[in-house]
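Since every read-out is calculated from the coordinates, none of them should be taken as a lab result. Note that the structure is a prediction, hence the values are computed from the model and not measured. No Cβ is skipped: glycine too gets one built from the backbone with ideal geometry, and neighbour counts run over all protein chains shown.
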Amino acid sequence: MTEDVLEYISSFRGSTEHGLDGKGRLNIPARFKDVLSRKYDERLVVIPWRDCLRVYPLLEWAKFEYALINAQQSRKKNQQVRLLIGRSAEMQIDKNGRILIPAHMRKECSLSSNLNLTGMGSFFEIWDQGKYTAVMEAVSEDDFDALEETIHELNLF
């Protein structure tokens, strides 16, 4: 196995339902905390991304941010930096294994108290459970066909 593949042995996978308490705190699933403790630390960066929040370990976010900032300078790039970095929030998992999701982010992504956390490899997403269900129900045969085609192109099947 190559080093790149070995890196993905410890990554965010799976999907789980979690509740948001009245103060906006979210318990991080044990398997996600395990990835953080083995590969990163308790520092996270959260950004609103369309209809969900994306949660990056600080190290992964730093790589992303560095690449974005050091890309070719342009007016469009400056707007992208504002859109991503300016709307991000750095946070730390507390001693009870929770993060506090800022109220403005909960509002922007219409998060209710019923959430879905979905692993995406180097980061995970936080969705309102109703929105997540609707997105997953909209997956079609064409989507699976496209996925299968991609897998074949990568010689994985």
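Results, tabulated for the structure shown:
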item: The range 77-130: number of residues that are free of Cβ contacts under 8 Å to residues at least 60 places away in the same chain and β-branched (Val, Ile, Thr); result: 2
item: Residue match in the range 59-71 (condition: aliphatic (A, V, I, L, M), under 29 Å from LYS39 (Cβ atoms) and surrounded by 16 or more Cβ atoms within 10 Å (Cβ to Cβ)); result: no
item: Pairs where the first residue, in the range 23-40, is of a type in the set (Phe, Trp, Tyr) and the second is not in a helix (DSSP H, G or I), C-beta under 8 Å, 6+ apart; result: PHE32/PHE12; PHE32/LEU117; PHE32/GLY119; PHE32/PHE124; TYR40/PRO57
item: Residue list for the range 129-157, filter: more than 22 Å from ARG54 (Cβ to Cβ) and either assigned to a strand (DSSP E or B) or charged (D, E, K, R) (or both); result: GLU141, ASP142, ASP145, GLU148, GLU149, GLU153
item: Some residue of the range 129-139 being more than 19 Å from VAL46 (Cβ to Cβ), among the β-branched types (Val, Ile, Thr) and exposed (fewer than 11 other Cβ atoms within 10 Å of the Cβ); result: yes
item: Residue ranges of strands (runs of 3 or more DSSP E) in the range 10-105 with at least 2 members farther than 29 Å from ALA134 by Cβ; result: 89-92
item: Selection count, the range 13-30, where residues are farther than 19 Å from MET136 by Cβ and surrounded by 14 or more Cβ atoms within 10 Å (Cβ to Cβ); result: 6
item: Condition broken by HIS104, with the remaining ones in (1) within 24 Å of SER11 (Cα to Cα); (2) out of contact with any Pro (no Cβ under 6 Å at 6 or more places or on another chain) satisfied; result: (1)
item: Top-ranked residue of the range 76-119 - restricted to ones that are surrounded by 15 or more Cβ atoms within 10 Å (Cβ to Cβ) and hydroxyl-bearing (Ser, Thr, Tyr), ranked as farthest from the chain's Cα centre (by Cα); result: SER88
item: Members of the range 38-58 found to be surrounded by 12 or more Cβ atoms within 10 Å (Cβ to Cβ) and more than 14 Å from the chain's Cα centre (by Cα), listed by number; result: LYS39, TYR40, ASP41, GLU42
item: Any hit, the range 120-128, residues being more than 17 Å from the chain's Cα centre (by Cα) and either assigned to a loop (DSSP other than H, G, I, E, B) or surrounded by 12 or more Cβ atoms within 10 Å (Cβ to Cβ) (or both); result: no
